[in-house]
1. Taking region 39-65, which residues are open to solvent by 30 Å² or more (accessible area, probe 1.4 Å), under 21 Å from the mean Cα position of the chain (by Cα) and not hydroxyl-bearing (S, T, Y)?
2. Looking only at residues in region 168-198 that are touching a helix residue (DSSP H, G or I) at 6+ places or on another chain (Cβ under 6 Å) and of a type in the set (G, A, S), which one is most open to solvent (accessible area, probe 1.4 Å)?
3. Is it the case that R223 is at pLDDT 95 or above, basic (K, R) and within 18 Å of G105 (Cα to Cα)?
4. Considering region 70-109 alone, what residues qualify as being assigned to a loop (DSSP other than H, G, I, E, B), open to solvent by 70 Å² or more (accessible area, probe 1.4 Å) and not polar (S, T, N, Q)?
5. What pairs come out if I take residues in region 105-134 that are closer than 15 Å to A160 by Cβ and at pLDDT 95 or above and pair them with residues that are buried (at least 16 other Cβ atoms within 10 Å of the Cβ) and of a type in the set (S, T, Y) whose C-beta lies under 7 Å away, six or more apart or interchain?
6. Please name all residue pairs, on different chains or six or more residues apart, with Cβ atoms under 6 Å, provided the first residue is in region 203-228 and is touching a residue at least 24 places away in the same chain (Cβ under 8 Å) and more than 17 Å from W168 (Cα to Cα) and the second residue is among the small types (G, A, S) and in a helix (DSSP H, G or I).
7. Here's a check for you: in region 110-131, which residue that is touching a Phe, Trp or Tyr at 6+ places or on another chain (Cβ under 6 Å) and surrounded by 16 or more Cβ atoms within 10 Å (Cβ to Cβ) is nearest to C46 (Cα to Cα)?
8. Going by the conditions given, is A165 hydrophobic (A, V, I, L, M, F, W, C), over 22 Å from the mean Cα position of the chain (by Cα), open to solvent by less than 50 Å² (accessible area, probe 1.4 Å) and more than 15 Å from S116 (Cβ to Cβ)?
Amino acid sequence: MTPAAREAIEKSDVVVGYTVYVDLVRDLCGGKKVESTGMKKEVDRCRLALDHALAGETVAFVCSGDAGVYGMAGIMSEVAEEHPEVEIETVAGITAACSGAAVLGAPLIHDFAVISLSDLLTPWETIEKRVRMAAEADFVLVIYNPKSKKRRDYIDKAAAYVSEARPWDTPCGYVKNIGREGERAVVCTLKDLVNNDDIDMFTTIFIGNRQTRVINGRLVTPRGYRGI
């Protein structure tokens, strides 16, 4: 959490968010109204926040990571489109790509692409194309939402697509529960991502490009300074 995000919560009258994320900041919510909803209630959460704002209250709409990266900043703006009088401020956070990379070492030193494997809002055909094209272009890949109870083999499919453009022994890594209790990082290969029951929805995966190496146990993508 950035200091600006903490300050925004502290200055708010109301805190709104997904139940799990609200619980993570419960210690900052003393004396405030707290509104939360479960999964797949994103629009309802936005409407709750908007209703409180229209009533003249200052609302902190809590997301995980960065609200502008797979977060709620976009849909909140859409829901409030007919109310330009409501001031909306997006407070920067730290998305899993950046915080997870710091845990693993330095895998994002060169160009990279962030792709979610969740097909709840994006057709799988589109996701497949993005993974294949990014792999072919030799981007380091950061994979969000790699596996769920209903999508057990999605990361296996993604790894297979990447293997068409780079070898199975490509250095990779993943981090579970980034910045939370139980945080754990694993450095591995592309092949190790397949049939891996350790990977879940709270895991962020990093797939190296053709230059990525493991240096003293750290996942590192050189940018090429030593060749200048």
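1. M39, K40, K41, E42, V43, F61, C63, G65
2. Filtering region 168-198 for residues that are touching a helix residue (DSSP H, G or I) at 6+ places or on another chain (Cβ under 6 Å) and of a type in the set (G, A, S), the one most open to solvent (accessible area, probe 1.4 Å) comes out as G179.
3. On the way: at pLDDT 95 or above: no; basic (K, R): yes; within 18 Å of G105 (Cα to Cα): yes.
Criteria not met by R223.
4. Y70, E81, E82, P84, E85, E87, I88, E89, I94, I109
5. These pairs meet every condition: L117/Y154; E128/Y161; V131/Y161; R132/Y161.
6. Every condition considered, the pairs that remain are T204/A96; T204/G100.
7. S116
8. Criteria met by A165.
The values are calculated or read from the model by the stated rules, or taken from the named source; none is laboratory data. Just so we're clear, the structure is a prediction, and the values are computed from it rather than from any experiment. Backbone-built Cβ (ideal geometry, glycine too); neighbour counts: all protein chains shown. Surface accessibility is based on the protein's heavy atoms, side chains included, excluding ligands, DNA and RNA. Shrake-Rupley method; radii C 1.70, N 1.55, O 1.52, S 1.80 Å.
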